[in-house]
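Visitor: Please read through the structure below; I'll follow up with questions.
Computed from the coordinates by the stated procedures, all read-outs in this text should not be read as laboratory data. In this text the structure is predicted, and so the values were computed from the model without any measurement. Reconstructed Cβ throughout: ideal geometry from the backbone, glycine too, with neighbour counts over all protein chains shown.
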Amino acid sequence: MTLKKTIRDFTDWAGKRVLLRVDFNVPLNASGEITDASRIEESLPTIQYLQDLGARIILVSHLGRPKGTVVESMRLTPVAKYLATALGSAFVGKTETVVGDDVQTRVQTLQDGQVLLLENIRFEPGEEANEAGFAKQLAALADVYVNDAFGTAHRAHASTEGVAHYLSPALAGFLMDKEIRSLTPLLKSPERPFTAIIGGSKISSKFGVLSTLLTVADTLVIGGGMMFTFLAAQGFGIGKSMVELDFVSKAEALLKQANGLGKQIWLGEDLVVADRFAPDASTQTVSVCSIPEDMMALDIGPKSCASLIPIINASKTILWNGPMGVFEMPVFANGTKTIAEAVARWTKEHHGFSVLGGGDTLAALELFHIGHERFTHVSTGGGASLEFLEGITLPGIAVLDDATTLITR
Ligand code: 3PG
């Protein structure tokens, strides 16, 4: 990944109107309140830096998937409320529409250091279609483009990709830069041993990243629902556990490839199995090769946890994405909690380089009250971080100015 020019590489900010793409696609509860504001918090340094240098900031974000039409429950009102508290009187509010006369007027009257939030960009059909006309309309609002929305960098939309063709310079914000700098070493030059711990329910959504990580990591740890597809590929009975039958032969091929490369794919020693998917299910601990036919595995077991600790402690670099079990139910939370605590402890005691990612991983940290500061980097990207780690060039990053491009303005 080529390094990108950042907001530090441009100095003439005073009075400039900046179109700042952020990813404020934050989780909301049934009452429409933000349950995790970390994506907003993570972009505040970029906003405040630009404010301090006198830029006039137009924030652009999506929320949910309204599919090109106005959906009342997906208005950015809760985000605007949060920003009003975080930024004080410099935050001049949110527009009611994404484009139009009122938006023009409000942008024209912005003063140095002030911040305006546009309504949910995905209310406009031109956004996801990456329509050139819509991208030009957005570009016309500003003088400079900044992208801090790493979480949406895998989408080639008008506000993440198209607009950058019509605004110069096109720069990375601090969060975007931090994500690129933290994730790149995992693929390019990890300090070894490098252990990749990949969990979560669906092998189909992570197969690409597993294939890439097998070639760069020294040990690949597979947990969560996807491990049963691998156990099935090894010929073990998996009872009523989750499986993706279409992926059994692919899992088998990956196991063979690992053998050929002399690498270890860790699939644990024991599992917690249950008679049903419920917090009060009746459970027992069994070996990975003896899941009873009428039971389903929902977490890794204590022997598996114990065998992971030395692997973690011997590592120099760790990537963790995806839970080990159904952590939302206390009876199946132990595997995920053990990994979270072990990686956090190792990061501190061994000065390890730890990178975490994925919505479920972040939700687990929240549930277990384990702070992000206990890891080297916690990515704000779900799909974006997986695609990045698969080695795919993300369109929202590719379109930004390379660090070698001369800035003319
Ligand atoms: C995310 O939450 O992963 C990003 O905001 C991207 O959202 P999307 O998957 O709806 O494009």
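Visitor: Picking from Val221, Val343, Val92, which is most flexible by a Gaussian network model of the chain using Cα springs under 10 Å?
Guide: Highest fluctuation among the options: Val92.
Visitor: Which aspartates and glutamates have a Cα less than 20 Å from the Cα of Lys256, not counting those fewer than 8 places away in the same chain?
Guide: Asp218, Glu244, Asp246, Glu269, Glu390
Visitor: With a/c under 1.5 counting as rounded, go ahead and sort the range 339-382 into rounded, prolate or oblate using the C-alpha gyration tensor (a ≥ b ≥ c being the square roots of the eigenvalues; past the cut-off, prolate if a/b is larger than b/c, else oblate). Provide the component values of the computation, followed by the final result.
Guide: Numbers: a/c = 2.31, a/b = 1.43, b/c = 1.61.
The shape class here is oblate.
Visitor: Given the Cα-Cα distance of Ser287 and His165 and 0.36 nm per residue of separation, how much length would full extension add, in nm?
Guide: Values: separation 122, 0.36 × 122 = 43.92 nm, distance 5.58 nm.
Taking Ser287 through His165 to full extension adds about 38.3 nm, to one decimal.
Visitor: Now, a different point. For the range 308-322, what does the Karplus curve 6.51 cos²θ - 1.76 cosθ + 1.60, with θ = phi - 60°, yield as ³J(HN,Hα) per residue in whole Hz, taken in order and with x for Gly and Pro?
Guide: Running phi through 6.51 cos²θ - 1.76 cosθ + 1.60 with θ = phi - 60° gives 7, 4, x, 5, 4, 5, 7, 7, 10, 9, 9, 10, 10, 9, x Hz.
Visitor: What is the magnitude of the charge dipole of the chain about its Cα centre, with +1 placed on the Cβ of each Lys and Arg, -1 on the Cβ of each Asp and Glu, and no other charges, expressed in debye to the nearest 20?
Guide: 700 debye
Visitor: What lysines sit close enough to Lys94 to cross-link, taking a C-alpha to C-alpha distance under 26 Å and skipping anything fewer than 8 places away on the same chain?
Guide: Output for Lys94: Lys16, Lys67, Lys81, Lys136.
Visitor: Checking the cross-link filter: which aspartates and glutamates have an alpha carbon closer than 15 Å to that of Lys5, excluding same-chain neighbours under 8 positions apart?
Guide: Asp148, Asp177, Glu179, Asp401, Asp402
Visitor: What share of all Cα pairs of the chain, in percent, falls into each consecutive 10 Å distance bin?
Guide: 5, 22, 28, 22, 15, 7, 1
Visitor: Let me ask another. Choose one answer from Ser287, Ser89, Ser182: the residue with the largest mean-square fluctuation in a GNM of the chain with alpha-carbon springs under 10 Å.
Guide: Fluctuation is largest for Ser89.
Visitor: Next question, about the same structure. Dipole of the range 190-378, Cα-centred, from +1 at each Lys and Arg C-beta and -1 at each Asp and Glu C-beta, to the nearest 20 debye? Could you put the intermediate results ahead of the total?
Guide: Values: 14 positive and 18 negative charges, 110 e Å.
Magnitude of the dipole: close to 540 debye.
Visitor: Among Trp320, Trp13, which comes first, then next, by fewest other beta-carbon atoms within 10 Å?
Guide: Details: Trp320 28, Trp13 21.
Going from sparsest to densest Cβ surroundings: Trp13, Trp320.
Visitor: In a Gaussian network model over the chain where Cα atoms closer than 10 Å are linked, find which of His351, His165, His62 has the largest mean-square fluctuation.
Guide: It is His351.
Visitor: Please report, to two decimal places, log10 I(q)/I(0) for the range 127-193 at q = 0.13, 0.15 Å⁻¹ as given by the Debye formula with identical point scatterers on the Cα atoms and no solvent.
Guide: Log10 I(q)/I(0), no solvent term: -0.43, -0.53.
Visitor: While we're here: Positive end of the dipole of the range 190-378, charges at C-beta (+1 Lys, Arg; -1 Asp, Glu), about the Cα centre: which of His377, Gly325, Met226 has its Cα farthest in that direction?
Guide: Final value for the positive-end residue is His377.
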